[in-house]
Amino acid sequence: MSTFTAPWRNMSAIRTGRSFDLGKMNLSQLWFAYLTYPTILLYFALITGAAWAAIHFSTSLWMTLIPVPVVIVVYPLAWYAIHRFILHGRWLYRNHWTASLWKRIHFDHHQDPHLLDVLFGSPLNTVPTMAIITMPIGGLIAGWSGAFCALSTALIMTCIYEFFHCIQHLAYKPRWKWVADIKQLHVLHHFHDEDGNYGITNYVPDRLFSSFYREARDRPRSKHVFNLGYDIEEAHRYPWVMDLTGSPPKDRPDGARPAASRTTPDRNRAA
Ligand SMILES: [Zn+2]
Ligand SMILES: [Zn+2]
Ligand SMILES: [Zn+2]
């Protein structure tokens, strides 16, 4: 640990443009950036508020807590469907009114997976989505108390999921096997074939709906892995995302070399 430097020093060196760049950070710098990030702090505040409301409206602690395991099962399935059919669908960028949303919520992350700004969802999108998916479930089980318990559970899961998603794009090799495994699977989603391994921390839905693959050699490499199908041709037909970006879609992130010259450990690092 002789090379330890306080994570809050030298923060400008780990930015690209206005965003933190996970490719330039170590684990303690990630912890610091994560725990001071406004979106995450907002989630922490909302978790506290929702938990308070769940207890405030509660008549029986057991009834209030039943939504917890239900949300733990249902929420990853909902996320899987959103990631696969909405974020990787082709229709959001084909519509003038949804193009900027699509760019913000997924295209920018696949164009440059290291940038923390676009890795975290915007709370304006994520919080209503969580509320719409989980509050009716909790409400059916235990009224307002259950609804707020369900929302709180979803917010906690989102914080955990966002942290592991950061680790998956951080230039470091996780010590825990489970973390290394999910990192490898997500790296394949970003650098090999985007039409698979949609789960970030939970790959049960991928196995259930046969979009799971273990290794690069299981599938051919997708030519849309960085642009999600929004290539130059599509950009000319549906220009809104390109106009907002100010440049044509990239075939690979800045600084990445062509796939052929990339070796496996290097690709791991590049993730
Ligand atoms: Zn990612
Ligand atoms: Zn994706
Ligand atoms: Zn990466």
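The values are calculated or read from the model by the stated rules, or taken from the named source; none is laboratory data. All figures in this text were calculated on a predicted structure; none of them were measured in a lab. Heads up, the Cβs are rebuilt from the backbone with ideal geometry, glycines too, and the neighbour counts pull from every protein chain shown. These accessible areas exclude ligands, DNA and RNA; they are computed on the full protein's heavy atoms, side chains included. Shrake-Rupley method; radii C 1.70, N 1.55, O 1.52, S 1.80 Å.
Counting only residues that are touching a Gly at 6+ places or on another chain (Cβ under 8 Å) and open to solvent by 40 Å² or more (accessible area, probe 1.4 Å), which one in the stretch 138-164 is nearest to ligand 3 (Cβ to nearest atom)?
148
Find the residue count for the stretch 109-140, including only residues that are touching a residue at least 12 places away in the same chain (Cβ under 8 Å), farther than 20 Å from residue 49 by Cβ, touching a helix residue (DSSP H, G or I) at 6+ places or on another chain (Cβ under 7 Å) and part of a helix (DSSP H, G or I).
The qualifying residues number 4.
Among the listed residues 27, 77, which satisfies the condition of being modelled with pLDDT of 90 or more and over 16 Å from residue 154 (Cβ atoms)?
Values: 77 fails: over 16 Å from residue 154 (Cβ atoms).
On inspection, the qualifying residue turns out to be 27.
Report whether or not residue 167 is open to solvent by 20 Å² or more (accessible area, probe 1.4 Å), touching a residue at least 60 places away in the same chain (Cβ under 8 Å) and among the aliphatic types (A, V, I, L, M). Before the answer, list the steps.
Working: open to solvent by 20 Å² or more (accessible area, probe 1.4 Å): no; touching a residue at least 60 places away in the same chain (Cβ under 8 Å): yes; among the aliphatic types (A, V, I, L, M): yes.
In short, no.
Please work out which one of (1) open to solvent by less than 10 Å² (accessible area, probe 1.4 Å); (2) among the hydrophobic types (A, V, I, L, M, F, W, C); (3) free of Cβ contacts under 8 Å to residues at least 24 places away in the same chain is the condition residue 85 fails and give its number.
(1)
Going through 46, 42, 101, 30 one at a time, which residue ends up being in contact with a Leu (Cβ under 6 Å, 6 or more places away or on another chain), within 30 Å of residue 139 (Cβ to Cβ) and either of a type in the set (A, V, I, L, M, F, W, C) or part of a helix (DSSP H, G or I) (or both)?
Matching residue, one of 46, 42, 101, 30: 46.
State all residues of the stretch 86-107 that are in contact with a helix residue (DSSP H, G or I) (Cβ under 6 Å, 6 or more places away or on another chain) and basic (Lys, Arg); if no residue qualifies, say none.
103
Considering only residues that are within 16 Å of ligand 1 (Cβ to nearest atom) and open to solvent by 20 Å² or more (accessible area, probe 1.4 Å), which ones fall in the stretch 95-120?
103, 104, 105, 108, 112, 114, 115, 117, 118
Take residue 92 and tell me if it is away from ligand 3 (no atom under 16 Å from the Cβ) and either open to solvent by 50 Å² or more (accessible area, probe 1.4 Å) or part of a helix (DSSP H, G or I) (or both).
No: the conditions fail for residue 92.
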